[in-house]
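Peer 1: First the structure, then my questions, so here it is.
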């Protein structure tokens with residue numbers, strides 16, 4: 001049985017990503033890998049990403065909806081990092097050559113006008129710091145077989161980060177009813193899931209506040225100009241080669257991602 005520690009888990013996760021190789025969760029062998037340990041591993045790997053030339057562009061939330069929590073068996077949301085290497089240009093297919101077993105989920109995306117630092121951030125103060133709102137589709141991936149993990153595993157794995165695409169419709173936060181913003185997720189033309197902004201922690205602004213307050217525990221904040229993916233509104237759908245996934249929002253337009261080859 002392997003003897004894992006923060007440094008070896010961090011190195012193994014980046015190696016799995018580079019080699020498109022999945023593995024069993026570390027907590028099978030190292031049950032002491034808790035959420036706080038996972039965040040230290042996540043931060044260590046962010047430092048490695050930045051050292052190799054990636055740029056930090058924002059944060060993402062994972063497991064903010066009841067549907068995602070139920071599927072994954074992990075009943076708490078988490079925060080993770082976004083870098084420019086994860087951006088999927090509009091019209092670009094799923095980067096199958098980089099990912100292991102990609103899935104797609106619809107997101108509401110914020111771009112920040114002001115710095116947002118906890119503790120004590122509320123939905124109202126969080127939304128006051130938002131510049132714009134857009135639709136998005138996140139291509140999640142996992143370095144764990146069958147997306148099986150415990151809380152510490154998924155936090156260490158940067159909350160199953162992969163890539164994301166942003167829709168072309170951009171609105172001000174005061175010009176949209178985020179609570180009732182509806183999305184329908186189609187796979188090859190078949191409706192698979194529906195949801196609304198209320199499925200994300202009751203309101204996407206609550207997820208934003210949660211992220212700021214959680215980062216504050218590590219002395220960090222969401223900076224002006226950064227992008228925030230507020231978490232999957234519905235459960236994710238698989239995105240195999242040859243598929244087409246479309247997330248149709250009621251006012252934010254739609255985001256379509258082809259499965260690629």
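The values are calculated or read from the model by the stated rules, or taken from the named source; none is laboratory data. Note that the structure is a prediction, hence the values are computed from the model and not measured. Neighbour counts are summed over all protein chains in view; Cβ atoms, including those assigned to glycine, are modelled from backbone coordinates with ideal geometry.
Peer 1: Among 202, 231, which is closer than 23 Å to residue 130 by Cα, assigned to a loop (DSSP other than H, G, I, E, B) and touching a residue at least 24 places away in the same chain (Cβ under 8 Å)? Please lay out each step first, then the result.
Peer 2: Working: 202 fails: touching a residue at least 24 places away in the same chain (Cβ under 8 Å).
Going through 202, 231 in turn, the sole match is 231.
Peer 1: Let me ask you something else. From (1) surrounded by fewer than 20 Cβ atoms within 10 Å (Cβ to Cβ); (2) modelled with pLDDT of 95 or more; (3) more than 25 Å from residue 43 (Cβ to Cβ); (4) within 20 Å of the chain's Cα centre (by Cα), pick out the condition that doesn't hold for residue 180.
Peer 2: Result: residue 180 fails condition (4) only.
Peer 1: Okay, moving on. If you go through segment 119-128 one residue at a time, how many are surrounded by 20 or more Cβ atoms within 10 Å (Cβ to Cβ) and in a loop (DSSP other than H, G, I, E, B)?
Peer 2: 1
Peer 1: Would you tally the residues in segment 23-40 being within 23 Å of residue 209 (Cα to Cα) and touching a residue at least 60 places away in the same chain (Cβ under 8 Å)?
Peer 2: Here is the first cut: in segment 23-40, the residues within 23 Å of residue 209 (Cα to Cα) are 34-40.
Applying the additional criterion that residues be touching a residue at least 60 places away in the same chain (Cβ under 8 Å) yields 34-35, 37-39.
Final tally of qualifying residues: 5.
Peer 1: In segment 183-227, how many residues are in contact with a helix residue (DSSP H, G or I) (Cβ under 8 Å, 6 or more places away or on another chain) and surrounded by 15 or more Cβ atoms within 10 Å (Cβ to Cβ)?
Peer 2: Number of matching residues: 17.
Peer 1: Would you be able to tell me the number of residues in segment 2-30 that are in contact with a helix residue (DSSP H, G or I) (Cβ under 9 Å, 6 or more places away or on another chain) and at pLDDT below 95?
Peer 2: Residues that pass the stated criteria total 1.
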